[in-house]
Amino acid sequence: MTDQAAAPVAAPGARTTPLRALVLAGGLTFEREVSINSGGQVVEALTRAGVEAEMRDADAELLPGLAATPTDAVFIALHGATGEDGALRAVLDLAGVPYVGSPAAACRLAWDKPAAKSVVRTAGISTPDWVALPHSTFRELGAGAVLDLIVARLGLPLMVKPASGGSSLGVQKVSRVEDLPAAMVSCFAYGDTVMVERFVDGVELALSVIDLGDGPESLPAVEIAPESGVFDYTSRYTPGMTEYHSPARVSDEVAARAAEVALRVHGVLGLAGLSRTDAIVTPDGEVQFLEVNVSPGLTETSMFPMAVEAAGYGLGDVLGRLLARAAAEGPITG
């Protein structure tokens, strides 16, 4: 996707000089390389849109650098805990630095997949049944007995995934009960708590939302069709292993229903700026919420840029307008 040459993005109402943006990417998580790729794509898109953009890691030099050379606004392209659990945003709030996206408290909620599913279900949005348990529960009560109860309650097949995290790391589909213990052990490598979710067969959609100042807008759904049938890390990042269709090959009625789900999730979780909701459409047309991402991927194989292009926007323009809005609104102070 390419952005047409554009005049420098300006904050609403006043700016006469190019917007200066700092793009944060990298971090010390399992998703570091994906984040660096996203950050590079963001810098390129912003530069084409006339924004003075620089990429920097979130390390010990970040805060001194921000103090020495202030920026108009920060774009967080960090994936994993560093960019999505709210902690970095809370520090930026303390430092009085404006940034694009959701506030710290909303990020903490969205990062915790079981907690987010609970809030979404309470709001009347359908989501597959699940159970989330820490490693200590299996150790103290006996893994075999606990796993038997999970299978009895949720049935097979199951999706096993870390209770927090992204990029589909640790995600596995389990169709045989004898494969469940190994899947759990593998998943615990990515976090102390595992979420086991009832597998729902259907069409998987990525539903992006942006707010450029006139309220949240749902972009066209992107359909995800992995060759293996499961959108795991390999399917996500290996070229040719997944087909994407943007807009999704669903009826207008289902597309409208999916867009409404994405907007409602964005609202009930208190998200801002941009988000990407992952959902599944059942054979009877029901849209079920899976999880939400407050720092969606922006690599060449990521769904958010596909949705932006399907909506007729340029990626650099969208990101620049989000940054301009953040700069105009200023830092979060309360």
Taking every other residue with Cβ under 14 Å from the Cβ of LEU109 and scoring Lys and Arg +1, Asp and Glu -1, one gets +1
Computed from the beta carbon distance with a Förster radius of 56 Å, FRET efficiency for GLU178 and THR17 to the nearest 0.05 stands at 0.30
GNM on the chain, Cα springs under 10 Å; top mean-square fluctuation among ARG32, ARG139, ARG121 goes to ARG139
Reported to the nearest 10 Å², ARG20 has, with a 1.4 Å probe, an accessible area equal to 90
Among PRO103, PRO114, PRO157, the residue with the largest mean-square fluctuation in a Gaussian network model of the chain built from Cα contacts under 10 Å is PRO157
In the chain, helical segments from DSSP H whose Cα atoms cover 18 Å or more along their own axis and that average at least -0.5 on the Kyte-Doolittle scale are 32-48, 252-268, 315-329
At 37 °C and 0.692 mPa s, the Stokes-Einstein diffusion coefficient in µm²/s for the stretch 198-248, with hydrodynamic radius from the Kirkwood sum on alpha carbon pairs, is 266
For the stretch 284-301, in residue order, the Karplus 3J(HN,Hα) values (coefficients 6.51, -1.76, 1.60; θ = phi - 60°; whole Hz; Gly and Pro = x) are 8, x, 7, 9, 10, 6, 10, 6, 10, 10, 8, 10, x, x, 10, 7, 5, 10
Rounded to a whole %, the carbon-and-sulfur portion of the accessible area of the stretch 200-256 at a 1.4 Å probe is 47
Over the stretch 64-111, with neighbouring protein chains present, the accessible area per residue in Å² at probe 1.4 Å is 32
Summing +1 per Lys or Arg and -1 per Asp or Glu among the other residues with Cβ less than 12 Å from GLN288's Cβ gives -4
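The values are calculated or read from the model by the stated rules, or taken from the named source; none is laboratory data. It should be emphasised that the depicted structure is a prediction, and the values quoted were computed from it without experimental measurement. No Cβ is skipped: glycine too gets one built from the backbone with ideal geometry, and neighbour counts run over all protein chains shown. Quick note on the areas: whole protein, heavy atoms, side chains included, nothing else; ligands and nucleic acids left out. Shrake-Rupley method; radii C 1.70, N 1.55, O 1.52, S 1.80 Å.
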